[in-house]
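Participant: The structure under discussion is supplied below as structure tokens; questions concerning it will follow.
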Amino acid sequence: MNATGFRRRPRRPRRLAAEASALVIAAVVAFPLYWMVLSAVRPAGEIESAEPRPWTLAPTLDSFRRVLGQQEFGRYFLNSLVVACTVVIASALIAFLAATAVTRFRFRFRTTLLIMFLIAQMVPVEALTIPLFFLMRDAGQLNTLGALILPHIAFSLPFAIWMLRGFVKAVPESLEEAAQLDGASRSRFLWQILFPLVLPGLVATSVFSFISTWNDFLFAKSFIISDTSRSTLPMALLVFFKPEEPDWGGVMAASTVMTIPVLVFFVLVQRRLVSGLGGAVKE
């Protein structure tokens, strides 16, 4: 019995099973990350050993020193940061305005436009890489960061618009009418009232946009051909991946460094991300 004189109710078997399953799934998901970090701090002899162990007794930071000592690594990191942040901000603003337009306004071909957004999500990125290459070449955007920013914005918008449409629709129209009666203009209602209410949805879509842009290798390899100063961080992995003698410690250390900004971004927005994925919009 506890201090209040009541016995604590034992946990139900279903709840215990659910918690145990969640722990197992979390361990399975986290194991590749653990192995990546472990391989990054292992000595070269242990990485190449025929009998790998899930621990190391002699951790070292030599792999991180090789990665951070690369002359172009800082430039690659900055390029990735510029591309990812630009895509996140631009796609969020455009998606917010587009979702508001298709939800609040009635116009011709509105349903057709929404169906086109849905169809756009079904097209695989690999099928559009070659047409996009020729498009960027004709536009003179090859070997520029714009060749990475524009496609990622285009691929992020359909998902973002569809997701934000539900958030905008959940905000009652009576709220807009009340704001107009109080003298608020449409633009003021849009940015001072509607925008904060759909902010959780914007955060959720921004996370997906940031991750897909930050980890992109296909576009970076296809559109950045000769000017390596415009390359992004995933291209830094190629420096350590040599066909004759790959530096697995360097590859894992570079992958670990790439993962840190994603984790930091996720920690900063995790509270709004949970409410965004849950579709929490209060009237």
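Participant: Only one of SER231, SER226, SER212 is among the polar types (S, T, N, Q) and buried (at least 17 other Cβ atoms within 10 Å of the Cβ). Can you tell me which? Steps first, answer last, please.
Facilitator: Values: SER226 fails: buried (at least 17 other Cβ atoms within 10 Å of the Cβ); SER212 fails: buried (at least 17 other Cβ atoms within 10 Å of the Cβ).
Sole residue among the options that is among the polar types (S, T, N, Q) and buried (at least 17 other Cβ atoms within 10 Å of the Cβ): SER231.
Participant: Then there is this: Somewhere in region 94-112, is a residue farther than 30 Å from GLU173 by Cβ and of a type in the set (Gly, Ala, Ser)? First the steps, then the outcome.
Facilitator: Of region 94-112, the ones farther than 30 Å from GLU173 by Cβ are none.
The answer is no, given that none of the residues of region 94-112 is farther than 30 Å from GLU173 by Cβ and of a type in the set (Gly, Ala, Ser).
Participant: Can you tell which of PHE105, PHE64 is open to solvent by 30 Å² or more (accessible area, probe 1.4 Å), closer than 24 Å to VAL239 by Cβ and of a type outside the set (Ser, Thr, Tyr)? Show your work before the answer.
Facilitator: Numbers: PHE105 fails: closer than 24 Å to VAL239 by Cβ.
Matching residue, one of PHE105, PHE64: PHE64.
Participant: Output the number of the condition that TYR34 fails; it satisfies all remaining conditions of (1) surrounded by 12 or more Cβ atoms within 10 Å (Cβ to Cβ); (2) outside the structural domain of ALA154 (by TED's automatic domain parsing); (3) modelled with pLDDT of 85 or more; (4) of a type in the set (Ser, Thr, Tyr).
Facilitator: The single condition TYR34 does not satisfy is (1).
Participant: Being open to solvent by 70 Å² or more (accessible area, probe 1.4 Å), within 28 Å of THR213 (Cα to Cα), charged (D, E, K, R) and touching an Asp or Glu at 6+ places or on another chain (Cβ under 8 Å) is the requirement here; does ARG137 meet it?
Facilitator: Details: open to solvent by 70 Å² or more (accessible area, probe 1.4 Å): yes; within 28 Å of THR213 (Cα to Cα): yes; charged (D, E, K, R): yes; touching an Asp or Glu at 6+ places or on another chain (Cβ under 8 Å): no.
The answer is no for ARG137.
Conditions tested, residue by residue: (1) more than 30 Å from ALA120 (Cβ to Cβ); (2) at pLDDT below 85; (3) open to solvent by 40 Å² or more (accessible area, probe 1.4 Å).
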site	(1), (2), (3)
TRP162	no, no, yes
LEU175	yes, yes, yes
ALA178	yes, no, yes
LEU181	yes, yes, yes
GLN192	yes, no, yes
LEU199	no, no, yes
VAL207	no, no, no
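Participant: From (1) open to solvent by 50 Å² or more (accessible area, probe 1.4 Å); (2) free of Cβ contacts under 8 Å to residues at least 60 places away in the same chain; (3) in contact with a Pro (Cβ under 8 Å, 6 or more places away or on another chain), pick out the condition that doesn't hold for THR56.
Facilitator: (1)
Participant: For residues that are open to solvent by 70 Å² or more (accessible area, probe 1.4 Å) and assigned to a helix (DSSP H, G or I), tally how many sit in region 239-256.
Facilitator: 1
Participant: Then there's this: Where the second residue is surrounded by 10 or more Cβ atoms within 10 Å (Cβ to Cβ) and not aromatic (Phe, Trp, Tyr) and the first is in the same structural domain as PHE195 (by TED's automatic domain parsing) and outside any helix (DSSP H, G or I) and lies in region 101-129, which pairs have Cβ atoms under 9 Å and are six or more apart or on separate chains?
Facilitator: Note: pairs meeting the criteria are PHE107/ALA101; PHE107/LEU113.
Participant: How many of the residues making up region 137-182 are under 20 Å from VAL203 (Cβ atoms) and part of a helix (DSSP H, G or I)?
Facilitator: Just the residues of region 137-182 that are under 20 Å from VAL203 (Cβ atoms), to begin with: 152-153, 155-171.
Imposing the further condition that a residue be part of a helix (DSSP H, G or I) reduces the set to 152-153, 155-170.
The number of residues fulfilling the criteria is 18.
Participant: Continuing with the same structure: Just need a number here: residues in region 37-53 that are in a helix (DSSP H, G or I) and either loosely packed, with under 10 Cβ neighbours inside 10 Å or in the same structural domain as PRO246 (by TED's automatic domain parsing) (or both).
Facilitator: Within region 37-53, the first condition is being in a helix (DSSP H, G or I), and the residues that meet it are 37-41, 44-47.
Now drop any that are not either loosely packed, with under 10 Cβ neighbours inside 10 Å or in the same structural domain as PRO246 (by TED's automatic domain parsing) (or both), which leaves 45.
Within region 37-53, residues that are in a helix (DSSP H, G or I) and either loosely packed, with under 10 Cβ neighbours inside 10 Å or in the same structural domain as PRO246 (by TED's automatic domain parsing) (or both) number 1.
The values are calculated or read from the model by the stated rules, or taken from the named source; none is laboratory data. In this text the structure is predicted, and so the values were computed from the model without any measurement. Note that we place each Cβ from the backbone using ideal geometry, even for glycine, and neighbour counts take in every protein chain shown. Quick note on the areas: whole protein, heavy atoms, side chains included, nothing else; ligands and nucleic acids left out. Shrake-Rupley method; radii C 1.70, N 1.55, O 1.52, S 1.80 Å.
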